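Worksheet: the structure to be examined is printed underneath.
Just so you know, all these numbers are worked out from the coordinates, no wet-lab data involved. All values reported here derive from a predicted model rather than from experimental measurement. Methodologically, a virtual Cβ is constructed for each residue, glycine included, from the backbone with ideal geometry; neighbour enumeration extends over all protein chains shown.
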There are 4 protein chains.
Amino acid sequence: MPAPAMTADEIAALLRAEFPQVFHPGCGLSIEHVGYGEVRVRRSFRDNHLRPGGTISGPAMMELADFAMYVAVFSVIGPQPRAVTATLTINFLRRPAAGDLVAEAKVMKTGKRLIAGQVTLFPPGADEPVAHVTSIYSVPNDNAQI
Amino acid sequence: MPAPAMTADEIAALLRAEFPQVFHPGCGLSIEHVGYGEVRVRRSFRDNHLRPGGTISGPAMMELADFAMYVAVFSVIGPQPRAVTATLTINFLRRPAAGDLVAEAKVMKTGKRLIAGQVTLFPPGADEPVAHVTSIYSVPNDNAQI
Amino acid sequence: MPAPAMTADEIAALLRAEFPQVFHPGCGLSIEHVGYGEVRVRRSFRDNHLRPGGTISGPAMMELADFAMYVAVFSVIGPQPRAVTATLTINFLRRPAAGDLVAEAKVMKTGKRLIAGQVTLFPPGADEPVAHVTSIYSVPNDNAQI
Amino acid sequence: MPAPAMTADEIAALLRAEFPQVFHPGCGLSIEHVGYGEVRVRRSFRDNHLRPGGTISGPAMMELADFAMYVAVFSVIGPQPRAVTATLTINFLRRPAAGDLVAEAKVMKTGKRLIAGQVTLFPPGADEPVAHVTSIYSVPNDNAQI
């Protein structure tokens, strides 16, 4: 397993510089671990993620999974902030209770322009995932998304 | 084509009551049209949806698509706020410029517990979609998401 | 709408030459219509597509949808037999009875290397689809699939 | 980990009885391992799976993945031959060379009516997968597929 192309601190610094709207102090997102193609990120609980019945909203989980893949992409190809999601499939498995969520992303294939991975979401310490995601990121040379 | 199970105004009132964190004055989401299994919703542009390069973020598009499906579910089965997304697949096709986005959802199948649909996202007036989504919603009788 | 890059007859001749195992007299597949990015193909019924309950098997439907996308790819970029499926998502909507199936594919985006489309499957003359597919094809310059 | 609801031999016998068109001597499919929600199946190489360039066709891989999920469903809920695929997403990662393929399926969630899992496909002994699948099976009480 090679070393990651960027450390957690380097990725956090890049995101703060490039995505101040998304990744800023108080945003609730944090990067817990970065290995080569294997990362773990976390979202702190916020009330506006709740849905009726006290569960966390689907879009909040999709956003966290997409963030995890984004960090995983940096871990294999280095600073490429214009990498974009080409496709994402999420299966919601269980309703998470109100609380933090952790996402573990694993790169399955690093191609020249496309990077495929999967992400598992679960409450910290839980045995069973609340959602599973597969996604392909595109590292563009041009304006086309795919 | 039967009449929708709820009108746009009825759905908006339900969402304001059940999702005040998400659907409130100033949230930027609006319901433009509701037919039976065919709806159109819109998200006003907000700066925090931007990604490097001036494009709208993937999660903002996923959230809008999921909202469109949620409204479409109400249009066929009436007030069921605990309906939840079981699965969602998005293909990002073109990078939208900064601006409003419209989502048109169309129900493909209404089963007893599961409702399948597709959503097309595009800037108002554009000929070509920026993203395409298929999704299955679950109308639960229990705590299980699927 | 431009003219298709290849006609139905040209695509059939290419497939007979390149895929004699798949596309041969008696294979049951036929190309009914080819427009630019919009094609219709058909599979004749065969007993070995049946599943318990008399319905057509999922893999037979996936194969037909993939074939439809393959033909649609030729209709926009011409003879590229090494184009390959990068990703495919199918939602099964209704159980088809024993009989022929038609697949209509529509290209949603033609990029330099990736082509995204959707496919609807239904029995000839039916109003409602039995399955819906989205897929991305890759037009490779190298050995990587994505 | 509980014991599987059916053994590999029991599942093979059920499939021979219910799917003689698909699972018969000489079909090339075999069940190598069955644990509770974790199974491994194999497809022997056949010439008609080839595509230009000597790679195995996408539909042959989708069929194998779907078969693996089907066996995994039996391993958790026992003999339910009318269980059907509700949705399937495949990401093709690498082009397999001509040869056998193995599929390992793992159930992620067993609900009352829906079972979600993932499948990894690879050549026997390979380190890296050639494709990854997520799928939801429906255990129907009625004629609706979803």
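Points worth noting:
- Copy-to-copy label separations for C:ARG16, where each label sits 7 Å from Cα toward Cβ, in nm and ascending: 4.1, 6.6, 6.7
- Amide H within-cut-off set for B:THR87, under 5 Å, with H built and near neighbours excluded: A:PHE92, B:ILE136
- Beyond 31 Å in Cα-Cα separation lie the following of the pairs A:LYS106/B:LYS106; B:LYS112/D:LYS106; B:LYS109/D:LYS112: A:LYS106/B:LYS106.
- Most to least packed among A:88-98, D:17-27 [average Cβ atoms within 10 Å]: A:88-98, D:17-27
- With respect to the axis relating copies A and D by rotation, the chain A residue whose beta carbon is closest, plus that distance in Å, is A:THR89, 2.
- Backbone phi angles across the range C:101-114, fed through the Karplus curve with coefficients 6.51, -1.76 and 1.60 (θ = phi - 60°), yield HN-Hα couplings of 10, 10, 10, 10, 10, 9, 6, 9, 7, 10, x, 5, 10, 10 Hz in residue order; Gly and Pro are listed as x.
- Shortest-first distances to equivalent copies, position D:GLU128, nm, label 7 Å out along Cβ: 3.2, 3.5, 4.5
- Angle in degrees between helix D:8-18 and the longest Cα principal axis of chain D, rounded to the nearest 10: 90 degrees
- Angle of helix C:58-77 to the longest C-alpha principal axis of chain C, folded into 0 to 90 degrees and rounded to 10: 30°.
- Relative contact order (%) - criterion: Cα under 8 Å, at least six apart; region: the range B:8-138: 25 percent
- Each copy carries C:GLY35; placing its label point 7 Å along the C-beta direction from Cα gives inter-copy distances of 1.9, 5.2, 5.3 nm, listed from smallest up.
- Dipole magnitude (debye, nearest 20) for the protein assembly as shown, charges at Cβ of Lys, Arg, Asp, Glu: 0 debye
- The range A:1-79 - Kirkwood radius from inverse mean 1/r over Cα pairs (Å): 13.2 Å
- Shielding score for A:129-140, defined as the mean number of other chain Cβ atoms within 10 Å: 4
- Pairs of alpha carbons in the range B:81-146 whose separation is greater than 13 Å (percent): 66 percent
- Å³ per residue enclosed by the Cα convex hull of the range B:8-138: 100 Å³
- 10 Å Cβ neighbours from other chains, averaged over peptide C:27-39: 0
- Shielding of peptide A:92-100 by partners, expressed as the average count of other chain Cβ atoms within 10 Å per residue Cβ, is 4.
- Percent of alpha-carbon pairs separated by more than 45 Å within the protein assembly as shown: 11 percent
- The charge dipole of chain A, taken about its Cα centre with unit charges on the Cβ of Lys, Arg, Asp and Glu (plus for the first two, minus for the last two), comes to roughly 260 debye.
- Counting every other Cβ atom within 10 Å of each residue's Cβ, B:SER135, D:SER138 order from fewest to most as D:SER138, B:SER135.
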